[in-house]
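Structure first, commentary second.
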Amino acid sequence: MKHSSDLPAMLQPFHRRRKLLHAWHAAAGTLWQTGCVLSVASVSAPLLGISLPIISTPLLACGSAAVAAVRTVLTSANLDHPARWLNRELQLKDRLSSALQFLQIENPSPMQQLQIADARNCLASVSIDQLLPLRTPANWKRGLAITAFGTLLAIVGPAAWPHAGDTASPAATAVRESQRMQAELQSLEEVARQTADPDLQQTLESMNRTLQDLQSQPLPPEEAFAKLADMENSLQQLQQKLNNPAALQQLQSIGEAMSATDELEDVGNMLSNGKLEQAAAALAKTQNPRLDRSERRTVSEKLQQVQQQFQQSAKPQGSQKIAEAAGKMAEGLQHGDSQKFEEAAQGMAAEARRLAGQKKLSDLLQQQMQSLAQARSEFESEAGNQAQGQGKGGNKAGKGTAGDPQGQQNARNAAGSELKLTGDDSGTGDSETDTSEGQPSHAESERHAEQYAESDEALR
């Protein structure tokens, strides 16, 4: 059997003390380095317009130190390392290491037993507190001091340097608002892929490029304001192209005509209330109804009126396909022609689906224009803050010495034209999507123009 000795037990206190000191020194070094980095971050963050949580500095510094200490403890070696270290410190050559090896032999020789006893006696005469005293590492005190300093900077930095924060604020605002608007463009991009509208796709691509430019190279507030105005004008033109209130009025009139009969009342109410998607699905399934002579005459006359109004207009407004479908449906009712009636219903269903898609897209464009208006408001606010921070006699934010910058001229051009956010009231009832609808009044259009003018004054 192996020789029994308490030499390993005598080495254990030295081994534990060495692990403790190594872990402490590793934690101290990490605390000092991390504290320096976080202090620099606390100084530079307000200059870049970045807000750091106060708790982040002490939390990250102490957490990094704890990780370093735990890693050192877990990677500590066995008793051979403290034995070799003691051999060097006590100038014992390799007596302790050899003694540990002899303990692994089942029947050590008398000479080996004598060396084991000699190593034990040498170790018994050594005081662990003298050889490995618990002294605080220098980096530990420095690390605590620099961490406390970094925490203090995180607390007083934003208050001590308000002008520095204001200087970086427009850049931060541009990045924040551009990211927000890019996220909100996703719904429009999805619709663009479904409709394959080249004008819409081109406009969205241009908007994405502009928003990416605002993030990578933040512009002065007045130039960013002008770019937002250009984007809003593009969206407004798309919305004007999509809106067709006369076609919606045609469907409403057809719905009112159908509502006069019991069999067509449900689909008629859907059309008259503007529930176009539901009405399209119902029309696709509608068959020639069984109506008495009076009902057929009443519905047919009203459907013919829709067709005649379109044909007799000096400048036809609405949808020719809807007018033709209304006339064809009237003929089917008059002559009891089920095939003609159902073909007309199918054509009317297709137009209802098309208008429902256009209305949904128009509502999304309206939401995006409201988002752009919110971004313009943020830039106006930043421009006002800069102007107040400059004080009397200082140049206003974004105002160069060359006179009238290009961005400011663009902003004035945008302010000079009256922005009419379209979306005419079709009178067809509630929309199927919970979004803003209807065309702004003349007073609202003037209010938008006044906002452009006021914002231009704030940017000068």
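Points worth noting:
- Förster radius 35 Å - calculated FRET efficiency between K321 and Q186 (Cβ-Cβ, nearest 0.05): 0.65
- Dipole magnitude for region 7-159: computed about the Cα centre from +1 point charges on Lys and Arg Cβ and -1 point charges on Asp and Glu Cβ, it is near 180 debye.
- Protection proxy ranking for 236-246, 119-129, using the average of other Cβ atoms within 10 Å per residue and placing the highest first: 236-246, 119-129.
- A Förster radius of 30 Å, combined with the Cβ-Cβ distance separating Q12 from V67, puts the computed FRET efficiency at roughly 0.70.
- Sites L90 and A148, calculated FRET efficiency, Cβ-Cβ separation with R0 41 Å, nearest 0.05: 0.50
- Positive dipole terminus of region 7-159, leading residue within H22, S98, N78 (C-beta point charges): H22
- Protection proxy ranking of 287-300, 267-280, 340-353, by the mean of other Cβ atoms within 10 Å over each peptide's residues and highest first, is 267-280, 340-353, 287-300.
- Using the average count of surrounding beta-carbon atoms within 10 Å as a protection proxy, the listed peptides 104-117, 22-35, 222-235, 176-189 rank, highest first, as 222-235, 22-35, 176-189, 104-117.
Bear in mind that the values in this text are calculations on the coordinates, not laboratory data. All values derive from a computational prediction rather than experimental measurement. Every residue, glycine among them, receives a Cβ derived from its backbone with ideal geometry; neighbour counts consider all protein chains shown.
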